[in-house]
Every structure is written in structure tokens, then in C-alpha cells.
Amino acid sequence: TTTFNVKAVRKLFPILQTPANCQPLVYLDNAATTQKPLSVIQAISDYYQNCNANVHRASHHLSTKATLGFEKARQTVQQFINASTSDEIIWTRGATEAINLVAYSYGYHFIKAGDEILVTILEHHANIVPWQQLAKATGAKLKVVSINTAGELDQQDFHNKLNKKTKLVCLSHISNAIGTINPIRQLIKEAHDVGALVLIDAAQSAAHTKLDVQALDCDFLVFSGHKLYGPTGIGVLYAKRALLDMMPPWQMGGEMIELVTLEDTRFNRVPFKFEAGTPNIAGAFGLASAIEFINQFDLHQVTQHEIALASYAESLIQHLPGIRFYSKASNRIGIVSFLIEGHHPQDIGLLLDQQGIAVRVGHHCTMPLMQHFNINGTIRASFALYNTTQEVELFASALADICQPATMVPRHVELADNEH
Ligand code: PMP
């Protein structure tokens, strides 16, 4: 592993050299999507320049090259999460599609009236809506685990809501809205003790923690490439082989078949059974490259850097009048989620943007969590490996200016004046 050096890392990301609103870009919206290093951008264009062809089909040079790269990428993902075989890696469009695959394939076939599905109040809509709708369609019951005032999962509530009727537990590893890291290893074990299967939403954790599906013993795990310095439109479903074998396909078409007659179809083997149609081949090349990128670093060191930036940001803004933090769990990633009384989050987002600072404002696709807090949304600054202490200081001073308009000297206005 390379010793982690922020200055050197920043140079690998072309977009960080590009201004935003005439200011140096300060990108603090990494929980929504991360920026891409040049190596990933090149892996995608290399694919189109040098091996573009459809996979698993024609017997020509380019098709072989594309297929080999595509399947090698699957092995890269397998090793990244320590799955026992690459057959357990299904390509999807992202975490959302991976969860839908499980809901439509496993859920609609194996969940029955009276069964229970357990989610948590921390979940992203992608890990609530498919289960809520599945429950409505099947007559199953959706139960929701609550959190304590620090935004940590209430483990007693989790324990109380598990029982023999619980068939599925769908749980985020890390909350995208407030950064809480859930103790998933322990929770998976508890769920297995009552015979439930567990789906882990690792969308927010793949870039911050080492994932080991065998050590975790989770039944399903999903993540998206684009939150891991990889491209959009590619993601992964990991599932235990035995489950994949018993699950029916959910989308029908080319690739997923072995034999088709007008009367019937014999399906392809796992994993292809779940990959109907031409896949996102370039995306798979890009994701493999992103994994190689992240593998250069000690992920623990990276995450400590991000957490230190978040703590520094908190320390600089905590004295602002009316500030209220929602990211308060003792075990969390580098996310600062907050509100400032008297200031609409949208206004803050806009004013920060005018200074080149990108944050996310709103409900973060976690409306039930916002309803739990009795708010409409928060302002969220989320940190990645390329963020710096200087950026934190720019963010904090911009926020201070916004909160004390009398002393505000917006940099963009100065710049605009100079242009006249
Ligand atoms: N789960 C979590 C925790 C997320 O943060 C996100 C993305 N914000 C998703 C699921 C959905 O990921 P995607 O939109 O890439 O499918």
C-alpha cells in the first residue's frame, strides 16, 4: 500500500483542478457520489478504444478481449469483498437495482403473508421502498428498528423486533444521512439466530471500510461503483451461491438464457441468470479500475483522515448560533449533518455553492429518518480521501459568513467585479 498523501492524491483527480463558480472547487458531497481518478476515466476510454465488443457472444478477437476483461473485473470485485467465488457477484446498475433484484426475485417468491421484514429508520429509500411495496403485495409485515438520540441503532429494539417470523433483515452498514456505522457483524449473527436472511446495504461503506462477506456471513450485500471512485451505472449484488441457485431470474432476455424455444426457456447458470441484456461493460472495467485505485491505500488510514476532517469541521462550526448536529453517533464516518436555526438549508447550499463549495442539502433519500427527527432535511458535508484541512477551513469560514451577513464579503462578488 502507498503511504497516504492528500496532495499527491488530489493530483490524480482532474475535476479537482476545475473551478466551480469561478472558485477552486471544494467538493464535500462525496456521500452522493465521489469524483473519479484519471485511472478510472482512462480505463473506461481504454475499453471503448481498444476492446469494445459485446461480451459472452461472438467468437472474434475483440469479443474475447471484452469478455476476459469483464469477467476479470468480476473477480476483482470478488476479491475486494472476499466472496468465495466470482459466481456470487452479479452486475447491476447500482445498489438500488441490486436491492430490487433481491426484492423481485427472492422476495416475491419466498416471502409470504404473515412473514416479517425488518429494516431500520436509518435506511436510504432504496432499502425501504422495495420492502414496503413487497410487504404490501404479499401481506408480509414491515417492521422498523429505531435509533437513540445519538442516531445509533437501538440494539435492544432490534433484538425485540426479531422473531421466528422475521424472514429478512435489510440493514445499512453506514447511514448516508448521518454517517452512523452499524455493528453489522453482531446484528447479522442475531438475525441468523432466528433464521432470518440478512441484506447489507454497503453503498456508503465500500469506500470507507474493508468488506469481507465471508467473515460477516451476510446473505446479500449491495453497493454502487460511483460512491467508490468508480463510474455511475454499475454496481454489485453479492449473494450466497445457494440462494442464487434457488432464486428465479427477475429480468428476461438475452444473456440470461441457455436454450429458448417458443414453448419454454432454460435459464443460464448463475451469475448470468440474473444479467439479462447487454451489461454495462465499460462500467465493469471502470469499477475494477476504481477498486485497484482504492486498494493502493490503507483504507483505515483513509477513513481516519476523513473522520479527522469531519471532526475539524465540527469544531470550527459548532459555535455558530443555532447550529444543531444530527451526525452524533460515536462510531461514524466522515459526515457532518446539521441545521442552522433561522437559515433554510437550500439557502445555505446555494450560498456555499456560490463560493465553490459543494454540499448536499435536503432529505438525502431518507425521508423517514427526517420525519423521525421532525425536520425536512439537513445540510450534509461528506468527506473523501482527497479533501484537505484547508477545504474544511474554507467551508467553515463561508458558513460563518452566511450566518453573520453583516460581515459577509462573498469572494464571488469580488471576482465578478474584477471581470467588469
Ligand atoms: N443506500 C445508501 C446507503 C446510499 O447512500 C445510496 C445512494 N445515496 C443508495 C443506497 C442507492 O445507491 P444508488 O443510487 O447508487 O443505487
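Put 300, 364 in order of accessible area, largest first, 1.4 Å probe: what do you get?
Values: 300 120, 364 0 Å².
Solvent-accessible surface, decreasing: 300, 364.
When ligands, DNA and RNA are left out and all protein chains stay put, how many square angstrom of accessible area per residue does segment 196-240 have with a 1.4 Å probe? Please report the intermediate quantities before stating the final value.
Numbers: 860 Å² over 45 residues.
Dividing the accessible area of segment 196-240 by its residue count gives 19 Å².
Could you pull the accessible area for residue 403 with a 1.4 Å probe, rounded to 10 Å²?
The value for residue 403 is about 20 Å².
Return the lysines within reach of residue 136: Cα separation strictly under 17 angstrom, same-chain partners fewer than 8 residues apart disregarded; answer none if there are no such residues.
Qualifying lysines at Cα under 17 Å: 112, 165, 167.
Calculate the radius of gyration of the Cα atoms of the chain to one decimal place, then report Dmax, the largest Cα-Cα distance, as a whole number, both in Å.
Gyration radius and largest Cα-Cα distance of the chain: 22.6, 76 Å.
Taking the 0 to 90 degree range and rounding to the nearest ten, how far is the long axis of helix 281-295 tilted relative to the main principal axis of the chain, both from C-alpha atoms?
For helix 281-295, the angle is close to 60 degrees.
Using a/c under 1.5 as the rounded threshold, could you call segment 168-307 rounded, prolate or oblate? The axes a ≥ b ≥ c are square roots of the C-alpha gyration tensor eigenvalues, and prolate needs a/b larger than b/c, oblate otherwise.
Values: a/c = 2.77, a/b = 1.42, b/c = 1.95.
It comes out oblate by the Cα gyration axes.
For segment 99-240, what's the relative contact order in percent, using C-alpha pairs closer than 8 Å and at least 6 residues apart?
On the way: 252 pairs, mean separation 26.7, N = 142.
Over segment 99-240, the number comes to 19 percent.
Which is farthest toward the positive dipole end of segment 165-298 among 180, 289, 246, measuring Cα position about the Cα centre, with Cβ charges +1 (Lys, Arg) and -1 (Asp, Glu)?
180
Take the chain, mark every one of the GluC sites (Glu not before Pro) that falls in a DSSP loop and has at most 14 other Cβ within 10 Å, then report the longest stretch left between them, sites excluded. Intermediate values should be presented prior to the final figure.
Values: sites that count: 263, 341.
Segment 1-262 is the longest.
How large is the helix-only mean residue ellipticity at 222 nm for the chain, computed as the sum of -39500 (n - 2.57) over DSSP H runs with n ≥ 4, divided by its residue count, in deg cm²/dmol to the nearest 500? Write down the numbers at each step before the final one.
Numbers: 15 runs with 155 residues, N = 420.
Counting only the DSSP helices, I get -11000 deg cm²/dmol.
Taking 1 over the mean of 1/r across every pair of different Cα atoms in segment 225-267, what Kirkwood radius in Å do you get? Spell out each step's value before the answer.
Working: mean 1/r = 0.0764 Å⁻¹.
Result for segment 225-267 stands at 13.1 Å.
Projecting each Cα onto the charge dipole of the chain (Lys/Arg +1, Asp/Glu -1 at the beta carbon, about the Cα centre), which of 320, 158, 234 comes out farthest on the positive side?
Toward the positive end, the furthest listed residue is 158.
Just subtract the alpha-carbon distance of residue 160 and residue 113 from 0.36 nm times their residue separation and send over the number in nm, one decimal. Write down the numbers at each step before the final one.
Details: separation 47, 0.36 × 47 = 16.92 nm, distance 2.07 nm.
Result: 14.8 nm gained on full extension.
Which longest run of the chain has no exposed loop site in it, a site being trypsin sites (Lys or Arg not before Pro) in a DSSP loop with at most 11 other beta carbons within 10 Å, and the site itself not part of the run?
Details: sites that count: 112, 164, 269.
Segment 270-420 is the longest.
Would you mind working out the magnitude of the charge dipole of the chain relative to its Cα centre, with +1 at each Lys and Arg C-beta and -1 at each Asp and Glu C-beta, to the nearest 20 Debye? The partial results should precede the final answer.
Working: 32 positive and 37 negative charges, 151 e Å.
Taking the Cα centre of the chain as origin, the dipole is about 720 debye.
Once you have a ≥ b ≥ c as the square roots of the Cα gyration tensor eigenvalues for segment 55-208, tell me rounded if a/c is under 1.5, and otherwise prolate or oblate according to whether a/b is larger than b/c. Mind showing how you got there, number by number?
Numbers: a/c = 2.39, a/b = 1.72, b/c = 1.39.
Because a/c hits 1.5 or more and a/b exceeds b/c, segment 55-208 counts as prolate.
Rank these by accessible area, largest first, 1.4 Å probe: 246, 252.
Numbers: 246 90, 252 120 Å².
Per-residue accessible area, sorted high to low, gives 252, 246.
Could you work out the relative contact order of segment 15-94, using alpha carbon pairs under 8 angstrom and six or more residues apart, expressed as a whole percent?
Details: 46 pairs, mean separation 10.5, N = 80.
Relative contact order here is 13 percent.
Give the accessible area for residue 64 in Å² (nearest 10); use a 1.4 Å probe, count only protein heavy atoms, and leave out ligands, DNA and RNA.
Looks like 70 Å² after rounding.
The values are calculated or read from the model by the stated rules, or taken from the named source; none is laboratory data. Computed from a predicted structure; not experimentally measured. Every residue, glycine as well, gets a Cβ built from its backbone with ideal geometry; the counts of neighbours run over all protein chains shown. In case anyone asks, the SASA skips ligands and DNA or RNA and just uses the protein heavy atoms, side chains included. Shrake-Rupley method; radii C 1.70, N 1.55, O 1.52, S 1.80 Å.
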